[in-house]
């Protein structure tokens, strides 16, 4: 239990908090609970270090890098990215798709898509695969809607993912001489992101309980990340 007495000094309070959290963490056998403690502490330290950056000596970026390095060294399968713990199923895909998309989505312009993509990873971490599929599609659609609005393109604000992709193609976000290739890409995107969500999580399941397999959500998460990176980079190349 945390203790807070009026006569305690700030240093004493800090030590009490630290010892209480450390003791709880070291005695906790539940992996999800332990990860949540790490996540909460990283968020707290990061917020404190950035708010009082002129008064503290801690380098939060170095601290986070060390945390992630220790995760990798022990094969934990998680990383701390953009303020939360995310699952890492492939180091290569994480480095080439997940990290780049989080960096691009950190732009305030894409705050809605960033929140949805992080929510998808949060659901995935906790095995809520239906919800993860839904937020993958939301992040994908939000990215296109943001780009379409940014470029003042004409498109129905209630358009589905397929119509949004068509809008991006027809407005040359993707070069016309790649139309055939990206019509194929459009089919892949709407079948790998939109369709699984519609069939497995977006509508009532009736009397048949449909389970979303883990390998499917892994694929959709990675496809979503790679596609968002492509769309944002394609939009940036127009300037």
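Key figures for this structure:
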quantity	calculated
Where labels lie 7 Å past Cα in the beta-carbon direction, separation of residue 59 and residue 29 in nm	4.0 nm
Separation of alpha-carbon centers, the range 111-153 and the range 38-107, rounded to whole Å	20 Å
Sorted by Cβ density within 10 Å, fewest first, the residues 233, 162	233, 162
Relative exposure of 164, 104, 153, judged by other C-beta atoms within 10 Å (fewest first)	153, 104, 164
Computed FRET value (nearest 0.05) for residue 170 with residue 107, which takes r as the C-beta separation and R₀ as 35 Å	0.90
Added length on full extension, which subtracts the Cα-Cα distance from 0.36 nm per residue, residue 84 to residue 126	13.8 nm
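Every number here is computed from the coordinates shown, using simple stated rules; none is lab data. Treat the numbers as computed from the prediction; the structure is a model and nothing was measured. Note that we place each Cβ from the backbone using ideal geometry, even for glycine, and neighbour counts take in every protein chain shown.
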